[in-house]
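The values are calculated or read from the model by the stated rules, or taken from the named source; none is laboratory data. The shown structure was predicted, so the numbers you read here are calculated from the model rather than taken from an experiment. When we count neighbours, we look across all protein chains shown, and the Cβ atoms used for this are built from the backbone with ideal geometry, even at glycine.
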Amino acid sequence: MRLKKHILLYIILLLGVIVTTLPMIYMISTSLKPNGALYEFPPRFFPSISEITLENYRYILNEGKFYINFLNSMFVSTISVTIAAIVASALGFCISRFRFKGRKQLFGFIIVTMIIPGTTLILPQYELAVKLNVINKLSGLIPFYVAWVIPYSTFMIKGFVDNLPHELDEAVYIDGGSIYTVYFRIVLPLIKPSIASITIFNFLTAWEEYPWANTVINDNMKRTLPIAISGFFGQHQFTQWGYVFALSALSLIPVILVYIVFQKYFVSGLTAGSVKG
């Protein structure tokens, strides 16, 4: 009976892996096909060896706009992730360690904002962007991306800080250290796994965000990669899926690199921040 349960569990996990990886495999296989091969009948999931071509990738890499869009996305995502990590770590530390009036209400407000879809706030956000004079500027993306990810980041980091013994803080205070010593010398090094885990999610959020970037940015030279990908839809009277999937595959490289860099902290950061005690 135990063996059957294990076999059933592995079958379910295998089916889950197949379902989640098939779209990526199809994207990569299609990017290696000529554009005309996509409309062949009967359709084939994988191209034959003789059909494999890198023409779609050559076209994308020879386009000067690709590098500009790539750098725009990298700039916006990196700055957003960095600011969010600084603000959320400090905010999570303060809510966890200090007892002040309105503390529970503040944390409750943070939890409530997590359930509000960002797209429902596009109109008020656009009005705010107009008043701040950040329309058609990359700076019009960064503060809004930061605002979107701070609630979840703060929630995760607070849960992680809650698990740190208060005796560590008291030992620093006894030795004459300040609250800044506690934060920078004790807490911050210990919450690196939590910061690493939210960094992956926050980078992915900023990297692949499309609706707000498409609303604010009109200049081709300031557009991010998701907008560049959408530019191939309907181009020349039909969608050039080979170019779309090639550009999509290239856009995955930074996300994979970020995950590889932070993956050793990923699981521990999620589990430690999800429960207390």
Options Thr53, Thr82; residue that is free of Cβ contacts under 8 Å to residues at least 24 places away in the same chain, in contact with a Leu (Cβ under 7 Å, 6 or more places away or on another chain) and β-branched (Val, Ile, Thr): Thr53
Residue in segment 86-102 that is surrounded by 20 or more Cβ atoms within 10 Å (Cβ to Cβ) and closer than 29 Å to Asn214 by Cβ present: yes
Hits in segment 101-121 - residues which are modelled with pLDDT under 85 and part of a loop (DSSP other than H, G, I, E, B): Met114, Ile115, Ile116, Pro117
Where Pro124 falls short, out of the listed (1) surrounded by fewer than 17 Cβ atoms within 10 Å (Cβ to Cβ); (2) within 18 Å of the chain's Cα centre (by Cα): (2)
Flag if Ile135 is under 30 Å from Asn72 (Cβ atoms), in the same structural domain as Asn214 (by TED's automatic domain parsing) and either surrounded by fewer than 17 Cβ atoms within 10 Å (Cβ to Cβ) or in contact with a His (Cβ under 6 Å, 6 or more places away or on another chain) (or both): yes
